[in-house]
Structure formats: C-alpha cells, structure tokens
1. For the range 178-235, what are the residues that are among the small types (Gly, Ala, Ser) and free of Cβ contacts under 8 Å to residues at least 40 places away in the same chain?
2. Going by the conditions given, is residue 251 surrounded by fewer than 14 Cβ atoms within 10 Å (Cβ to Cβ) and of a type in the set (S, T, N, Q)?
3. Given (1) of a type in the set (A, V, I, L, M); (2) modelled with pLDDT of 85 or more; (3) under 30 Å from residue 248 (Cα atoms), identify the lone condition not met by residue 18.
4. Of the residues that sit in the range 229-255 and are out of contact with any helix residue (DSSP H, G or I) (no Cβ under 9 Å at 6 or more places or on another chain) and not in a loop (DSSP other than H, G, I, E, B), which one is modelled with the lowest pLDDT?
5. Can residue 174 be described as of a type outside the set (Phe, Trp, Tyr), under 17 Å from residue 245 (Cβ atoms) and surrounded by fewer than 21 Cβ atoms within 10 Å (Cβ to Cβ)?
6. Condition first: buried (at least 22 other Cβ atoms within 10 Å of the Cβ) and either in contact with an Asp or Glu (Cβ under 8 Å, 6 or more places away or on another chain) or part of a loop (DSSP other than H, G, I, E, B) (or both). Now tell me which residues in the range 318-333 satisfy that.
Amino acid sequence: MTVQIYSRELMTKSKPQIPFPPDFRFENHIRAVPQEGKYVYEFIGTDTFGSQWYRRQRFEIDAGREEEPTLYEPIYSTVTDPNLPKHIDIDRMGPAGVFLEEIKEGGEVKFGTITSSQYSIPMRHYAVGLEYSDDLVAFNQTWNVAMYERQVGMSYNALRNHIHLSPILDFSYTSANQTAGVTDAASYPEAYLRTLEAAITAGRVDTTNRRRGPYVLLVAPDDLFLVERALTRVNQQGVTVQSSAIDMVRSVIAYDGWSGTRGKKEVNYPGVTAGIAYLISLQYRNQDFQSFVKQGLEEYGRQEDVSRFLLQIVWDTRFSMFANPERAVEEITWPTSLT
C-alpha cells in the first residue's frame with residue numbers, strides 16, 4: 001500500500017491570471033458617485049462588464065485557494081449543510097462504539113446507543129476584507145487586482161488549516177499519549193520506523209483511550225523525507241526491519257503553518273515543530289474529528305444587480321470543528337541520535 005503524502009509543495013496549483021485587454025481603462029466602465037461624504041463607484045454602460053468583473057474576481061479567489069491547499073481532510077469527517085444550527089451538540093458513542101454480541105436461544109438483541117451530548121460547539125463566523133485602493137481606478141492599476149484577490153483565497157484556506165490542525169498541535173499531552181524516540185537502530189530510517197512501532201503499540205495498549213489504526217501521521221516538513229524513507233517498503237541498506245506498521249499509516253501530512261499580512265497586521269499560524277510528530281487514530285474518526293461547514297467563502301452584502309463597484313468588500317464564511325486529541329492522538333518525539 002502506498003502512503004499518501006499531503007503537503008503544500010506537492011498539492012499547490014498555479015493558474016494564470018485572467019488578463020485585462022490591452023486597451024482596458026477603468027474610467028470607461030466605472031464612475032464615482034458622491035454619497036454621504038464619500039465616493040461610491042458604480043458600473044456604467046449597458047454591457048455585461050459588472051457580472052464579468054465578479055466572475056473574474058471569483059476565479060482569482062478560487063485560484064488563490066489552490067495555491068494554498070487545505071491539508072486536514074484525511075483526519076476529519078466533514079459535514080457540509082447550510083441548515084446547520086448556531087450551536088452543534090457532539091454526541092459520542094462509548095469508547096467501545098457499536099458492537100455485536102452473541103445472541104443465545106431465547107435471548108434478545110442488544111443495541112449500542114448514543115450517549116447524551118458531552119460537548120457543544122458554536123458555529124464560528126470568520127470574515128476577511130478585500131480593499132481596492134482609489135489608485136486602482138485613478139491610475140488603471142490592473143496588474144495589482146489579481147494579486148490582492150488571490151490573497152483572499154489563500155488566507156481562507158490557511159485559516160481552515162490552522163483551525164483544524166491547531167487543536168492537535170496545541171494540546172498538552174501527558175505520558176499516556178507520548179512516545180519517545182527509539183535509538184536502538186542501525187540507521188535513522190530504521191529508528192523512525194521502530195519509533196512509529198512503539199507509538200502504535202502504546203496507543204493500542206492504552207486501556208483508557210485505546211488508539212487503534214488506521215492512522216494519519218502529522219509531521220514537520222523538515223522530517224518528511226526521513227519519514228518517507230522509513231515508510232517505504234524496499235530493501236534499504238542498513239534497514240534490517242520491515243514492519244506492518246508501514247501499512248497502518250494511510251497518510252502523512254506535512255504542515256509548516258502559514259504567515260500572511262492583513263493591512264499592517266501580520267498573521268502567523270505555527271506548524272508542526274521539527275522533531276515532533278502526531279500519530280492520529282482514525283478508529284473513531286466520525287466522532288473524534290468532525291468538521292462542520294454551514295457556508296463556504298462568499299461575498300458578504302453585495303447587491304444582486306451587481307451595479308456597485310465596491311472598493312471595500314467583505315468575504316465571510318461560517319464553519320466549526322470538533323477534535324478529541326486525548327482519545328485519538330499519540331505525540332511522538334523522533335530520535336536525534338543512535339545507539
């Protein structure tokens with residue numbers, strides 16, 4: 001079985017910008033209208049420029065999203081529904097989940113039941129502003145348009161990665177959910193593989209929160225190449241161990257966070273620390289990692305007749321998530337030396 005690798009470098013896609021015609025002038029399509037002490041721009045003419053502008057804008061924002069791909073999908077079970085409520089109750093089965101029991105003659109069938117709600121999570125509302133400067137119109141700065149629009153899409157996907165992965169990275173793990181690096185190996189790929197075996201074993205024997213496979217491995221990009229070599233089932237010089245642990249890991253996610261600027265404010269989302277990894281059990285994925293999307297990224301408040309060219313536009317989204325790292329995650333420290 002081939003392990004699927006998820007990383008920004010492997011998944012990012014770049015689309016060419018939609019060019020403006022060489023003779024394009026904003027002044028031929030937009031006029032300034034005084035309103036409440038400031039100017040509001042309106043599309044003029046009877047052509048379809050207004051609707052074309054917003055279709056082009058949507059394309060550029062979506063292109064920005066492809067440049068900053070989301071990485072959390074192998075971990076989370078996602079529900080997309082515009083009817084999701086403001087608060088979502090998380091119902092969990094017991095740690096044994098649904099089970100089958102032998103029915104003896106004259107006996108009765110026993111059913112697993114959903115326990116009362118143990119958690120309630122709010123639907124979060126996030127927004128990002130897109131602002132075109134007056135210089136865009138005054139100096140016909142068409143070359144800046146797509147760059148700003150794509151940044152909206154990039155920041156949206158970066159936020160989604162951060163919201164979904166930070167609960168795993170920020171959780172305070174105790175010894176019950178931690179595995180130290182195994183140094184008794186002939187090479188680092190073997191040491192990484194033995195460490196992974198130890199982490200899987202630790203999760204399987206934990207009687208409080210048993211963490212069976214299959215698994216997703218969340219790592220720092222600095223450790224990705226060694227992890228790949230450890231999970232590659234080939235005859236490697238110096239590797240004396242081949243293990244079924246390789247097949248238990250279905251996906252590897254390399255996440256190094258994101259940095260961006262909104263106006264004068266810099267935003268930093270931390271990634272996985274080098275030398276640390278997280279072995280995530282998918283045994284109870286539908287309970288332990290849930291993503292809820294009520295509304296994707298949409299423009300907020302634009303008039304349906306697209307008659308206004310707004311210099312300030314708000315794009316918003318409504319989504320939420322639930323994660324249970326204590327029950328599903330083993331924190332791994334990779335070995336830094338061999339014995």
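1. Scanning the range 178-235 gives a single hit, 198.
2. Details: surrounded by fewer than 14 Cβ atoms within 10 Å (Cβ to Cβ): no; of a type in the set (S, T, N, Q): yes.
No; evaluated as a whole, the condition is false for this residue.
3. (3)
4. Across the range 229-255, the extreme among qualifying residues is 247.
5. Values: of a type outside the set (Phe, Trp, Tyr): yes; under 17 Å from residue 245 (Cβ atoms): no; surrounded by fewer than 21 Cβ atoms within 10 Å (Cβ to Cβ): yes.
No; evaluated as a whole, the condition is false for this residue.
6. Residues satisfying the conditions are 323, 328.
The values are calculated or read from the model by the stated rules, or taken from the named source; none is laboratory data. Because the structure is predicted, anything quoted here is derived from the model rather than measured. All Cβ positions, even for glycine, are placed from backbone atoms using ideal geometry, and neighbour counts span all protein chains on display.
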